[in-house]
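Notes to accompany the following structure.
The values are calculated or read from the model by the stated rules, or taken from the named source; none is laboratory data. For clarity, every value in this text was computed on a predicted model and none was experimentally measured. With ideal geometry, Cβ positions are generated from the backbone for all residues, glycine too; neighbour counts draw on all protein chains shown. For accessibility, only protein heavy atoms count, side chains too; no ligands or nucleic acids. Shrake-Rupley method; radii C 1.70, N 1.55, O 1.52, S 1.80 Å.
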Amino acid sequence: FKFPDSLLSDIQSMMTKFWWGDGDKGRPIHWISWDKLCKQKEDGGMGFRQLRAFNLALLTKQAWRIATQPSSLLHQVFKAKYFPNSEFFLAGLGSRPSFTWRGIYEARKYLVAGSRWRVGNGRGIQIWKDRWLPRPTTFKVISRSDKLPEDTTVDYLIDSDNRAWKQDLLHELFWPDEIELIKSIPIGSTHNQDKLVWHFTRNGFFSVQSAY
């Protein structure tokens, strides 16, 4: 669940009172801000958790499971109730949503902010709409061209015989910096499926620590 901000504020207040002392002779002085205490120790803090951010990072993990494990019971239950005719990233909040769905729905925007598509055969990635460039923060193509329809997929940019990017076409459609980004993306075989990956880990799998 997504904890209420008021609850998290009360818990944080108890933590600060424990840290600074809570004697009977008046309110103790807080010598340093809570935000600074939450910094990592190597950055001069104590490594305490920002509770709201940590709660959202944990919820984002559940959103990742729903997005990447369509055969799981978690995905099937939520799909049946909240997005039976669409996909997870297009699902609305719905009427009378559960507390669990409210939390996952809130966390989904953080999943969108940190995930992108890894090109396999390119058939499931739309060039102009999807997040597939290895460039934070949008991962989307900024260049615009009227030479291709809006729903053109990435496989159109790939020479299927040589499994290489069509250099001439790239230069027709994209700005120079985006051409270099696209050329840096390795192309898999035609049997490789496009895959959702978490951009901020080396292996592409979601981690609560990186999300936090």
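See the values below:
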| quantity | calculated |
| --- | --- |
| Proximal charge balance of residue 181 [Cβ under 12 Å; K/R count +1, D/E count -1] | +1 |
| Spacing of the two label points (7 Å from each Cα toward its C-beta) at residue 87 and residue 101, in nm | 2.0 nm |
| For the chain, with +1 on Lys and Arg beta carbons and -1 on Asp and Glu, the positive-most of 47, 145, 188 along the dipole | 47 |
| Residue-count net charge about residue 153 - beta-carbon cut-off 13 Å; Lys, Arg +1, Asp, Glu -1 | -3 |
| Sparsely packed chymotrypsin sites (Phe, Trp or Tyr not before Pro) within segment 1-76, loop by DSSP, other Cβ within 10 Å at most 13 | 1, 31 |
| Accessible area of the chain belonging to carbon and sulfur atoms, whole % at 1.4 Å probe | 53 percent |
| Span from the segment 108-175 Cα centroid across to the segment 23-63 one, whole angstrom | 39 Å |
| Relative contact order (percent, whole number), the chain, Cα cutoff 8 Å, 6+ residue spacing | 20 percent |
| 1.4 Å probe accessible area per residue over segment 113-186, in Å² | 54 Å² |
| Sum of -39500 (n - 2.57) over DSSP H runs of 4+, divided by residues of the chain (222 nm, nearest 500) | -11500 deg cm²/dmol |
